[in-house]
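The values are calculated or read from the model by the stated rules, or taken from the named source; none is laboratory data. Everything numeric in this text was worked out from a predicted model, so none of it was measured. Don't worry about glycine lacking a Cβ; one is built from the backbone with ideal geometry, like all the others, and counts go over all protein chains shown. Heavy atoms of the whole protein, side chains included, go into the accessibility calculation; ligands, DNA and RNA do not. Shrake-Rupley method; radii C 1.70, N 1.55, O 1.52, S 1.80 Å.
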Amino acid sequence: MCSVQDEDGDIAVPRSAISADRVCMKCKDTKAVVVTRVNDALCRDCFIVYVVHKFRATIGKSHLIRDGEEILLAFSGGPCSSALLHLVQEGLSQRAHKRLRFKPSLVHIDEMGVLDLPSEEREKTNAAILDVLRGTGYPCYISSLEQALDLPDGSGEQKVGHCRPPCWNIDNGEGLENYNRAKHDKRLADVFKSIKSTTAKENYVRNLRNQLLTAIARRHSYSKVMLANTSTRLAIRILSDIGQGRGGQVSVDTCFADERHGDIMFVRPIREVTSKEVAMYNSLYRVEPVFVPTLTTQASRGASIDHLTECFVTGLQAEFPSTVSNITRTAGKLDSVVRTGTEDFCVLCQSPLDTNVGEASALRAVEFSDMLSKRGCDPGSTTSGCCGEGDGSCQSSKVNSLHNTDVIKALCYGCRLTVKDMTDVSQLPSHVTQEAASRISRLRMKEDIQDFLIDGDS
Ligand SMILES: [Zn+2]
Ligand SMILES: [Zn+2]
């Protein structure tokens, strides 16, 4: 009973074969109210035991969360983080069979700045979320995605995230007032207006959010951030990652402990629970999520690769309930690349760089055809300073003498596609361009002294 295993089997069972009009298969006593997995009918109590067990067993078998450890829980207000917060609250309450031992704090990142909504609408949604946060009695923080644009480093060291991001403690009313008074930076909305595809926008939001969470955790001395990714969400992430040339990141994007951010670990304690189970859990406990509009709210099926993948996976899952578990189990067999050096990761998403490949690789072939289609303009050249557009627009696009191509070199393949959708690399957060610039200058210095190095010392 103590291991989390999905026993769906590999044979897809069409939904038509399922009948919900049965007694609970666990206690065989009470009428079933939900059907979970492929065909398991459970009563209310047995279903809650089942979800709580998945959550606790996922934490338990990781052996990563210590007694008394302070953990930052990222709360968006949506169904998944609302369910995670409720699971944590129940686990810490006196009524819990075996109480959880960690100490949660909550952080909400207001991402509505990318939509350029009227400030009243933002304040109303934030107020609803903060009501939930303050009701818990845990330490609470709020920040907005705008803060991720400048994560300045006061010490002058150019390390990503080693800085003091503005986030507001809302344990008392003062913090919230200060947050509402702080002027939202219009640059964020402008950047998002200039990004062409919704796919690139979604990726950029995800990167900024992760950088901000990492920076806030560092500032307040947390070493772990809890994310409410369900197995359904992870299955969508897996297929979408592969579709976007981020196959090398599937493992870190979906495993329990995401360690790509160095000293801050992202953990996913409800990664074995499906989104449908989250919805059923919320409805049985009357947990009410807050509606927060996103980039793809009311968007059509094909608005972005993520959105299209979501429609595909959820549509398939509705007919064949083993879909999600089959995708996640298959991806679970993948290993992640271990970060070895200080410069072998992407400055935007922190994943290991997947671009150091041979001349005869698919990446080089794509770059070559890209170069030809841009009529002889060499996107790999640092001296030409070409951004790859090939229309002369690149002549003006320099960031502190940093060329688009310099920044591109410090990015993984997936992030290169995102950045290509931007008009100018100066729109990237300053700490990202700084890190890219210092990498380039170190590389040039290394090239200058190359002849004086003893073999093997380079
Ligand atoms: Zn039962
Ligand atoms: Zn990247």
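Just list whichever of Lys61/Lys103; Lys124/Lys196; Lys124/Lys193 have alpha carbons separated by over 21 Å in the model shown.
Checking Cα-Cα distances, Lys124/Lys196; Lys124/Lys193 exceed 21 Å.
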I need the peptides 354-362, 98-106 ranked by packing, meaning the mean over residues of other C-beta atoms within 10 angstrom, with the highest value on top.
98-106, 354-362
Return the distance in nm (one decimal) between the two label points of a simple spin-label model at Arg444 and Ala318, each offset 7 Å from Cα along Cα→Cβ.
5.6 nm
In range of the label at Ser194: residues from the stretch 422-448 whose backbone nitrogen is under 17 Å from the point 7 Å along Cα→Cβ:
422-434
Can you list the lysines whose alpha carbon is less than 17 Å from that of Lys186, not counting same-chain residues fewer than 8 positions off?
Lys201
Ranked highest first by the average count of other Cβ atoms within 10 Å around their residues, in what order do 25-31, 113-119, 445-451, 246-252 fall?
246-252, 113-119, 25-31, 445-451
Along the charge dipole of the stretch 15-332, which of Gln244, Ala299, Leu208 sits closest to the positive end, that is, farthest toward it, with unit charges on the beta carbon of Lys, Arg, Asp and Glu (+1, +1, -1, -1)?
Gln244
Just list whichever of Lys28/Lys276; Lys28/Lys98; Lys54/Lys420 have alpha carbons separated by over 29 Å in the model shown.
Lys54/Lys420
Report, to the nearest whole %, how much of the accessible area of the stretch 15-332 belongs to carbon and sulfur atoms, 1.4 Å probe, protein only.
52 percent
Stretched out fully, how many nm does the piece from Phe368 to Lys103 gain, at 0.36 nm a residue minus the Cα gap?
90.2 nm
Taking a quarter of the surface of the convex hull around the Cα atoms of the stretch 15-332, what do you get in nm²?
17.5 nm²
Residues with amide H under 5 Å of Ser144's amide H, sequence separation 5 or more or different chain, H placed in the peptide plane at 1.01 Å from N; which?
Asp110
Could you compute the FRET efficiency for Phe452 and Asp421, with r as their C-beta to C-beta distance and R0 at 45 Å, rounded to 0.05?
0.60
Positive-end extreme of charge dipole, the stretch 15-332 - chosen from Leu106, Leu188, His63 (charges on Cβ):
His63
